[in-house]
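The values are calculated or read from the model by the stated rules, or taken from the named source; none is laboratory data. These numbers come from a predicted model, not from an experiment. Here the Cβ positions follow ideal geometry from the backbone for every residue, glycine too, while neighbour counts run over all protein chains shown.
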Amino acid sequence: MCGIVAGIAQRNVVPILLEGLKRLEYRGYDSAGLAVVNDKQIFRKRELGKVKGLETLLSQDPIKGHLGIAHTRWATHGKPSTENAHPHISQDNVAVVHNGIIENHEQLRTELKQYGFRFTSETDTEVIVHKIAEFLQNGLSFVQAVKNTVAILNGAYALGVIYSLDPDSLIACRRGSPLVIGVGIGEFFIASDIAALLPVTRRFIFLEEGDLAVLKIDAVVIYDKNDAIVSRPIVESQLKADAVEKGQYRHYMLKEIYEQSWAISETLEGRFLDKQLLDSAFGHNAGLVFDQIKSVQILACGTSYHAGLVARYWFETLGRVPCNIEVASEFRYRNPVITPDTLVVTISQSGETADTLAALLEAKRLGVKHALAICNVPESSLVRASDLVLLTRAGPEIGVASTKAFTSQLVALLMLVVAVGRRFGMSPALEQEVVSELFTVPGNIEKVLKLDASIELLSQRFADKHNALFLGRGTHYPIALEGALKLKEISYIHAEAYPAGELKHGPLALIDAEMPVVTVAPNDYLLEKLKSNIQEVSARGGQLIVFMDEALGESDEENIQIIKMPSVSHIISPIIYTIPLQLLAYHVAVLKGTDVDQPRNLAKSVTVE
């Protein structure tokens, strides 16, 4: 969500901070700002809207400094405005940038007002900077003032703090929100995402929960949650700076749609030996864990939740493995019953999804012994909190609407179904069939991408629409959910998805000639049932768009348009049928002129509750 970039160097850090903010734009934000220390004074610039506006402001009235902090804000407390934008300053000498939510901010605000501090924003963040300033006024050192402040904060935070009277120190700390240190030569940086710092370094230190770091030009000192000085390893990232560039594509989302065959090949690479799935792909002791489990509990949010819904069908239909799935934000609060021999599977593109992390901690509190993360970011909090991991290796995903992360999650989950299912009686023949089908996915995606021009024409049918309905059955009901989510996320068309068998229980009331009805109709055991549902819509004047297996030989009818899909196995069809729905949403959004990569009110990495 919000983005942090900060640095201390022997050179002017402003251009580095600006570039870092641009690289964090995909996370979603409504304002941007930065502050630097120069000649023992803090200079700040803030602007509502895009980073480009801040850049223009700085070109008109430049500031510079070797120590600085910068931020892109996604509004939680207080409307989007310049006054609510970060950094926040107290007493003209302390500045803070903050990701997360401070839950006891109202109490702290009341106390600070009594001490004479004047608030200029509606944010929860401003209590942090005033509290640090209060401790400084009481004679504490810069480091101790920050330590004392974070000790009384309830909630989640990643912080970057500067103090004009200590111009050789940058303080960073985290609890519940990610923060990484970039290690340069005679310079150090912090950021909420390594992508922000790739132009200046590929060497990183990942702060752990409760860490506080003091960065100077030539050294970093890290204190853990117990205030002990600790050493954290330096990790060299394999990502390159151009990994987060659009290249020839108009939008990141389109680039990422077209990267899916490559991404899935990466997900599969090295996880098999002679077409046999290796247990070790999930961790060095995964085989022992899989031998012990008796059920699976999936926890996820948003698009990752839809991936989990597909996996539940796979676990129970293919693997005969008992499987439950729940939205992570609900699981953590409903006092669930879960047995220790359950494998908890968490799914998150970023590995920093606050609700999913909290749900995992709740499952552990309830006695679950084994947790497996399916994630795209190897250094993320979710990965570090799990004893087993399957990295999807999809590469950076910048577009807020997830595409390649989702399909690579599906592939990873189908691999997990094989690994666990063989313990529950999955036959060698079925296992081989699933594995063989997995390796056909990249090629089949390339076939579907050839439909792009046809789908672009189809998108014109949505130009004046305000509502849409998506239908699917079995494993394709979650794909309908995902298609509806994509359309609403980036085109702002109200879209809902239903199991097609539920039409007669209410949604038929919505059907008229103005309601596009998108239907996912692969050639599987539910096809005849689905055809009946299609006729129910057609008989009521509904305008149907049906993605259907080309082998069925169906043709367009008066109010039914058929988009012919390549023939694929029912095992992998949910993955393949996702692609045209992504393309449809993309082209509709382009037609409507919305911000495809950064849709309004949304953020890529949801690091607050």
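All of (1) of a type in the set (Asp, Glu); (2) surrounded by 20 or more Cβ atoms within 10 Å (Cβ to Cβ); (3) closer than 19 Å to Ile102 by Cα hold for Glu209 with one exception: (2). Of all residue pairs spaced 6 or more apart or on separate chains, those with beta-carbon atoms under 8 Å, a first member in the stretch 304-326 that is in contact (Cβ under 8 Å) with a residue 12 or more places away in the chain and a second member that is charged (D, E, K, R) and surrounded by 24 or more Cβ atoms within 10 Å (Cβ to Cβ) are His306/Glu482. Checked against the criterion of being farther than 30 Å from Met253 by Cα and within 23 Å of the chain's Cα centre (by Cα), the candidates Ile89, Ile102 yield just one match: Ile102. Meeting the requirement of 2 or more residues that are in contact (Cβ under 8 Å) with a residue 40 or more places away in the chain and over 30 Å from Thr342 (Cβ atoms), the strands (runs of 3 or more DSSP E) wholly within the stretch 196-295 are 212-215, 234-236. Candidates are the residues of the stretch 537-570 that are surrounded by 17 or more Cβ atoms within 10 Å (Cβ to Cβ) and part of a helix (DSSP H, G or I); the one that is farthest from the chain's Cα centre (by Cα) is Ser538. All told, Val411 meets the bar of being modelled with pLDDT of 90 or more, of a type in the set (A, V, I, L, M, F, W, C) and crowded, with 24+ Cβ neighbours inside 10 Å. With respect to the conditions (1) assigned to a loop (DSSP other than H, G, I, E, B); (2) surrounded by 20 or more Cβ atoms within 10 Å (Cβ to Cβ); (3) of a type in the set (A, V, I, L, M); (4) out of contact with any Ser or Thr (no Cβ under 8 Å at 6 or more places or on another chain), Val321 lacks only one, and its number is (4). The set of residues in the stretch 455-480 that are in a helix (DSSP H, G or I) and buried (at least 23 other Cβ atoms within 10 Å of the Cβ) comprises Ile455, Phe462, His476, Tyr477, Pro478, Ile479, Ala480.
Within the stretch 484-516, if we keep just the residues that are within 25 Å of the chain's Cα centre (by Cα) and of a type in the set (A, V, I, L, M), the residue that is farthest from Gly302 (Cα to Cα) turns out to be Ile493. Considering the stretch 9-26, the residues that are crowded, with 24+ Cβ neighbours inside 10 Å and farther than 21 Å from Asp595 by Cβ include one that is farthest from the chain's Cα centre (by Cα), namely Val13.
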